[in-house]
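Peer 1: Sharing a structure below in structure tokens format, with a few things to ask.
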Amino acid sequence: MKSISVIGVSKSFAHRGPGLLREQLGAWLSAPRRKAPFYALTDVSFEIDRGESVAVVGANGSGKSTLLSLVCGLTPPDTGLVHVDGRVAALLDLGSGLHFDLTGAENLRLNASLVGLSRQRTDTLFGEIVEFSELGEFINEPLRTYSTGMVMRLTFSVAMHVDPDVLIVDEVLAVGDQAFQQKCFAKMMSFRRAGHTLLVVSHSGAMLREICSRALWLDHGNLVHDGEVNSVLDLYEHRRLTTALH
Amino acid sequence: MKTWHGEYLFVLQNLIAKDFRVRYRNMSLGIFWSLLNPLIMMAVLTFVFTMIYPNSRELQYPVFVLCGLIPFNFIALSWGIGTSCIVDNTGLIKRTTFPKEMIPLASVLSNCLHLLIQIALLLTLVLAFGNGVNRYWLWLPFVWGFEVVLTCGLVFLCGALSVYIRDMRYVVDATCTVLFWLVPIFYPFSAIPDHYKNVYQFNPVAGIVLALRYILLENTPPANSLLIKLALSSTFVLIVGCLVFNRAKRRFYDYL
């Protein structure tokens, strides 16, 4: 049973970003000047079975986050197909969907609704989520008094309670302290054992070797290796070491 | 591909609550601002147009001007805030999968509490000036309803466009300044030369102001043609807004 299929996917970004009114008008009036687009991903294909846990590695700017965004359906690919089966919970960023003037509890409810928990589930799970986050009294304080690690605890605790079929995590665990990281590993492992699919971006090789069975290595938007986690990570780490020495 | 399986109403409610808390938590006068602002404008305009440029035709000038100010304020405020709502919520657009329509919708609806308070103020003053309640008041929910429909349409349209054209906010602000003069807020509809009157009625904001004055101050039902024009023009704006938003939202991620 396929959980995630990515077939021949390319994604480019035009180099211009948002226009000013003046430029936009100019563009409509004159023939469009085409600047070469930047390809964040080129012809990437892979399939992930239900229950697999897959790591994505690569240097900064190699297309890891773009890949996750495509899988989440946040943006359509230029070419190719992306298909995901089931409910997806994504932890792509710390603090998006949170507001720093609201208290932890208010943010918790807002975040829960955004990631797709129903009102009823949120009310039932509220205590459990707060307990998992270990924020204690701080839950009633405004978010601006939180440390980065505490913000991560809040978002991660919510995402872990969505009970999704596919969990997507983009390098956010690094800011947690050792104890909380261990707790998150444990939660992700139990999630994996329950037969759900996991897609993780991280720069922590040790963690990836622990929770993933397979790894994808992206290099400048190309999928260069796809295989068993230890072999791909060995190659990746070796390459990183040799380029660092030269 | 549908990856989000949440509850629309729950999201909407939380987004509205967020807007609301963020706006009022750091204000010592809080909700009183929504009363203070129209009252001050009402006083200033009344002073100017009864003392400096006397306008003898309107006996209840303060209420007369308030009938114009309140619908105009709602549009100007919600339209302005709503235009930047997508750009302001870049994090939500790029990092969460929930339906993007919720953001402009919540932005407009969170201003509706303002509107309700100001409507209460208006009705209180209407009664205080000795006008009675009449059965045409039953039209009021329709008139206000179309105002919200119109505003939603404008916010969908301009919120989506502002992702591609960041000056949109200034275009909207300038339009609102122009609108303040082109909507009969401080002058009566009857003062407009005949051949402009028909065009005026197609401006939905003017239509709302006119309908309100008929109902609240003249105890007459608003003309059917006026209500139909109002309904058509605001529904048209909503449809255009939704179509544009729907088309534009696929590329929000790439442009933000």
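The values are calculated or read from the model by the stated rules, or taken from the named source; none is laboratory data. Owing to the predicted nature of the structure, the values given are computational and were not obtained by experimental measurement. Cβ: placed from backbone, ideal geometry, glycine included. Neighbour counts: every protein chain shown. Just the protein is used for accessible areas: all its heavy atoms, side chains included, with ligands, DNA and RNA removed. Shrake-Rupley method; radii C 1.70, N 1.55, O 1.52, S 1.80 Å.
Peer 1: Counting only residues that are over 30 Å from A:SER65 (Cβ atoms) and either in contact with a His (Cβ under 9 Å, 6 or more places away or on another chain) or within 14 Å of chain A (Cβ to nearest Cβ) (or both), how many does the stretch B:68-87 have?
Peer 2: So the count comes out to 4.
Peer 1: Any idea how many residues of the stretch B:113-166 are of a type in the set (D, E, K, R) and touching a strand residue (DSSP E or B) at 6+ places or on another chain (Cβ under 9 Å)? Before you say what the answer is, go through the steps one by one.
Peer 2: Step one: of the stretch B:113-166, the residues of a type in the set (D, E, K, R) are B:135, B:147, B:166.
The next check asks that each one be touching a strand residue (DSSP E or B) at 6+ places or on another chain (Cβ under 9 Å); those that pass are B:166.
Selection size over the stretch B:113-166: 1.
Peer 1: A follow-up question, please. Working carefully through the options B:TYR164, B:TYR136, B:TYR170, find the one that is at pLDDT below 95, farther than 30 Å from B:VAL244 by Cα and of a type outside the set (Gly, Ala, Ser). Walk me through it before giving the result.
Peer 2: Working: B:TYR164 fails: farther than 30 Å from B:VAL244 by Cα; B:TYR170 fails: farther than 30 Å from B:VAL244 by Cα.
Every option except B:TYR136 fails the conditions.
Peer 1: Just give me the residues in the stretch A:126-152 being on the phi < 0 side of the Ramachandran plot, open to solvent by 30 Å² or more (accessible area, probe 1.4 Å) and part of a helix (DSSP H, G or I), in sequence order.
Peer 2: A:PHE126, A:GLY127, A:GLU128, A:GLU131, A:GLU137, A:PHE138, A:ASN140, A:ARG144, A:THR145, A:THR148, A:MET150
Peer 1: In addition: May I ask you to list the residues in the stretch A:153-171 that are touching a strand residue (DSSP E or B) at 6+ places or on another chain (Cβ under 6 Å) and open to solvent by 10 Å² or more (accessible area, probe 1.4 Å)?
Peer 2: Scanning the stretch A:153-171 gives A:ASP170, A:GLU171.
Peer 1: Within the group A:HIS225, A:HIS238, A:HIS196, which residue is open to solvent by 10 Å² or more (accessible area, probe 1.4 Å) and in contact (Cβ under 8 Å) with a residue 60 or more places away in the chain? I'd like the intermediate steps shown before the answer.
Peer 2: Details: A:HIS225 fails: in contact (Cβ under 8 Å) with a residue 60 or more places away in the chain; A:HIS238 fails: in contact (Cβ under 8 Å) with a residue 60 or more places away in the chain.
Testing whether each residue is open to solvent by 10 Å² or more (accessible area, probe 1.4 Å) and in contact (Cβ under 8 Å) with a residue 60 or more places away in the chain leaves just A:HIS196.
Peer 1: Here is a list of conditions, (1) more than 7 Å from chain A (Cβ to nearest Cβ); (2) within 30 Å of A:GLN120 (Cα to Cα); (3) modelled with pLDDT of 75 or more, and B:LEU39 meets all of them except one; can you say which number that is?
Peer 2: (2)
Peer 1: So which helices (runs of 4 or more DSSP H) are wholly in the stretch B:155-256 and hold at least 1 residues that are open to solvent by less than 10 Å² (accessible area, probe 1.4 Å)?
Peer 2: Hits in the stretch B:155-256: B:168-182, B:204-217, B:224-248, B:252-255.
Peer 1: If you take the residues in the stretch A:84-125 that are in a strand (DSSP E or B) and of a type in the set (A, V, I, L, M), which one is modelled with the highest pLDDT?
Peer 2: A:VAL84
Peer 1: Related question: Only residues in the stretch B:72-85 that are in contact (Cβ under 8 Å) with a residue 60 or more places away in the chain count as the first member; pair them with residues that are open to solvent by 20 Å² or more (accessible area, probe 1.4 Å) and aliphatic (A, V, I, L, M), Cβ under 6 angstrom, at least 6 apart or cross-chain, and list the lot.
Peer 2: Hits for this filter: B:TRP79/B:LEU154; B:THR83/B:MET168.
Peer 1: A further question on this structure: Taking only the stretch A:153-165 into account, find how many residues are free of Cβ contacts under 8 Å to residues at least 60 places away in the same chain and part of a helix (DSSP H, G or I).
Peer 2: Count: 5.
Peer 1: Check whether at least one residue in the stretch A:198-219 is within 15 Å of the chain's Cα centre (by Cα) and in a helix (DSSP H, G or I), and report yes or no.
Peer 2: yes
Peer 1: Just for the stretch A:69-103: of the residues that are touching a helix residue (DSSP H, G or I) at 6+ places or on another chain (Cβ under 8 Å) and open to solvent by 30 Å² or more (accessible area, probe 1.4 Å), which one is farthest from the other protein chains (Cβ to nearest Cβ)?
Peer 2: In this case the residue turns out to be A:PRO77.
Peer 1: Before we move on, is B:LEU140 within 19 Å of B:VAL63 (Cα to Cα), open to solvent by 40 Å² or more (accessible area, probe 1.4 Å) and hydrophobic (A, V, I, L, M, F, W, C)?
Peer 2: Spelling it out, it is not the case that B:LEU140 is within 19 Å of B:VAL63 (Cα to Cα), open to solvent by 40 Å² or more (accessible area, probe 1.4 Å) and hydrophobic (A, V, I, L, M, F, W, C).
Peer 1: Right, here's the next one. Give the stretch B:45-102 a look and list any residue that's among the acidic types (Asp, Glu) and not in a helix (DSSP H, G or I), or say none.
Peer 2: B:GLU58, B:GLU101
Peer 1: Does the stretch A:170-197 hold any residues that are over 13 Å from A:PHE156 (Cβ atoms), in a loop (DSSP other than H, G, I, E, B) and more than 18 Å from the chain's Cα centre (by Cα), and which are they?
Peer 2: Those that are over 13 Å from A:PHE156 (Cβ atoms), in a loop (DSSP other than H, G, I, E, B) and more than 18 Å from the chain's Cα centre (by Cα): A:ALA194, A:GLY195.
Peer 1: State which residue is farthest from the other protein chains (Cβ to nearest Cβ) when the search covers only the stretch B:88-116 and only residues that are of a type in the set (A, V, I, L, M, F, W, C) and open to solvent by 40 Å² or more (accessible area, probe 1.4 Å).
Peer 2: B:LEU116
Peer 1: Further question on the same structure: With respect to B:SER56, determine if the residue is touching a His at 6+ places or on another chain (Cβ under 6 Å) and at pLDDT below 90.
Peer 2: For B:SER56, the condition - touching a His at 6+ places or on another chain (Cβ under 6 Å) and at pLDDT below 90 - is not met.
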